[in-house]
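Presented below is the structure to which this report refers.
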Amino acid sequence: MVERALEAGCRPFRALVDGSRIPPVADRFVERGGEAFVGGDQVRKLVAGLGVLHSVIALFHRPQRPSASELAKRCHRLVIVEGVDNPANIGSIVRNAAALGWDGILLDHTSADPLSRRALRVAMGTAFSIPHARTTSLIDELGAMTDRRLYALTPHADAADIRTILVPADHRRAILIGSERNGLSDAVLSFATQVRIPMAAGVDSLNAAAAAAVACYALA
Ligand SMILES: C[S@@+](CC[C@H](N)C(=O)[O-])C[C@H]1O[C@@H](n2cnc3c(N)ncnc32)[C@H](O)[C@@H]1O
């Protein structure tokens, strides 16, 4: 994770490293302007707050985020989330989007932070390489996306089967994913073509991140 953050150009701040086996990444951390301190096993465990003992724990300055409109301008394939407040789900959505070649994540203000510790761990550092933006006015941003096809993911039976959707290769597109509890709001649903991933009878829905993976693959 520390390697990936450095590779992505994130600016290092402070690191705590295992003094008995200093990891090579500590040198690069310092070369790029960070400060590294030695911490024993107990100290590193205490600071990380996890059961696992890491050879390096690091803090970086938060990279500057693009605005929602800058992100939309720049990205051909956008994943948009509304109300996804579980950081593990956000981490998983980021990882799926990055792995399947999508190039940006737009989050509404109630969704979890892709740079929170839990989300970063689940995303395995991919959050450093795929840009994201947050917005307090998702509806306005969607209204401005007139050059893009919008696909709202919903398990509802009257939505179009995702297997019937064909997006021409040169068309900009976005998928929209809703919260675990309520799904996408009616306001957001009304902006987009509603698509569903067919499921076995009796199953209510897929997890938001699983639905994102299927849709990122199917609509890529
Ligand atoms: C746990 S589901 C939410 C279920 C919620 N009760 C609803 O009716 O939308 C979380 C999100 O994953 C996506 N999702 C889950 N299952 C889906 C499916 N079968 N087809 C399309 N999207 C799905 C949707 O974006 C949904 O908002």
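The values are calculated or read from the model by the stated rules, or taken from the named source; none is laboratory data. What you are looking at is a predicted structure, and each value in this text was computed from that prediction instead of being measured. Counting neighbours? That spans all protein chains shown, and the Cβs are built from the backbone with ideal geometry, glycine included. Accessible surface areas use protein heavy atoms only, side chains included; no ligands, DNA or RNA. Shrake-Rupley method; radii C 1.70, N 1.55, O 1.52, S 1.80 Å.
What's the number of the only condition in (1) buried (at least 20 other Cβ atoms within 10 Å of the Cβ); (2) without any contact (Cβ under 8 Å) to a residue 40 or more places away in the chain that Ala68 fails to meet?
Of the numbered conditions (1) buried (at least 20 other Cβ atoms within 10 Å of the Cβ); (2) without any contact (Cβ under 8 Å) to a residue 40 or more places away in the chain, the odd one out for Ala68 is (2).
Does Asn96 satisfy the condition of being touching a Cys at 6+ places or on another chain (Cβ under 9 Å) and under 30 Å from Arg149 (Cβ atoms)?
yes
Can you pull out every residue in the stretch 7-26 that is over 21 Å from Leu53 (Cβ atoms) and either modelled with pLDDT under 95 or not assigned by TED's automatic domain parsing to the domain that holds Ser55 (or both)?
Glu7, Ala8, Gly9, Cys10
Residues being assigned to a loop (DSSP other than H, G, I, E, B), within 7 Å of the ligand (Cβ to nearest atom) and in contact with a strand residue (DSSP E or B) (Cβ under 8 Å, 6 or more places away or on another chain): count how many of those fall in the stretch 160-197.
3
Spot the failing condition for Lys45; the list is (1) in contact (Cβ under 8 Å) with a residue 24 or more places away in the chain; (2) surrounded by 14 or more Cβ atoms within 10 Å (Cβ to Cβ), and only one is missed.
Only one criterion is unmet by Lys45, namely (1).
Hey, among the residues in the stretch 1-40 that are open to solvent by 90 Å² or more (accessible area, probe 1.4 Å) and among the charged types (D, E, K, R), which one's nearest to the chain's Cα centre (by Cα)?
Filtering the stretch 1-40 for residues that are open to solvent by 90 Å² or more (accessible area, probe 1.4 Å) and among the charged types (D, E, K, R), the one nearest to the chain's Cα centre (by Cα) comes out as Arg4.
Those residues that are under 28 Å from Leu107 (Cβ atoms) and among the aliphatic types (A, V, I, L, M), I need them from the stretch 53-68; list them, please.
Across the stretch 53-68, the qualifying residues are Ile57, Ala58, Leu59, Ala68.
What number of residues within the stretch 198-220 are more than 10 Å from the ligand (Cβ to nearest atom), touching a residue at least 60 places away in the same chain (Cβ under 8 Å) and either surrounded by fewer than 16 Cβ atoms within 10 Å (Cβ to Cβ) or within 10 Å of Ile162 (Cβ to Cβ) (or both)?
Total satisfying the criteria: 3.
When you look at Asp108, is it of a type in the set (D, E, K, R), buried (at least 19 other Cβ atoms within 10 Å of the Cβ) and within 16 Å of the ligand (Cβ to nearest atom), yes or no?
Spelling it out, Asp108 is indeed of a type in the set (D, E, K, R), buried (at least 19 other Cβ atoms within 10 Å of the Cβ) and within 16 Å of the ligand (Cβ to nearest atom).
Between residues in the stretch 150-161 that are under 17 Å from Asn182 (Cα atoms) and residues that are more than 9 Å from the ligand (Cβ to nearest atom) and part of a strand (DSSP E or B), which pairs lie under 8 Å by C-beta distance while being six or more apart or on different chains?
From residues that are under 17 Å from Asn182 (Cα atoms), the pairs are Ala152/Thr193.
Could you list, in sequence order, the residues of the stretch 144-159 that are away from the ligand (no atom under 12 Å from the Cβ), hydrophobic (A, V, I, L, M, F, W, C), surrounded by 16 or more Cβ atoms within 10 Å (Cβ to Cβ) and more than 10 Å from Thr193 (Cβ to Cβ)?
Met145
Test Ile130 against the criterion of being within 14 Å of the ligand (Cβ to nearest atom), of a type in the set (Val, Ile, Thr) and surrounded by 12 or more Cβ atoms within 10 Å (Cβ to Cβ), and give yes or no.
Considered against the rule, which asks whether it is within 14 Å of the ligand (Cβ to nearest atom), of a type in the set (Val, Ile, Thr) and surrounded by 12 or more Cβ atoms within 10 Å (Cβ to Cβ), Ile130 comes out as no.
For the stretch 27-116, which strands (runs of 3 or more DSSP E) that fit wholly inside it have 1 or more residues that are of a type in the set (D, E, K, R)?
The strands (runs of 3 or more DSSP E) meeting that bar are 35-38, 77-81, 104-108.
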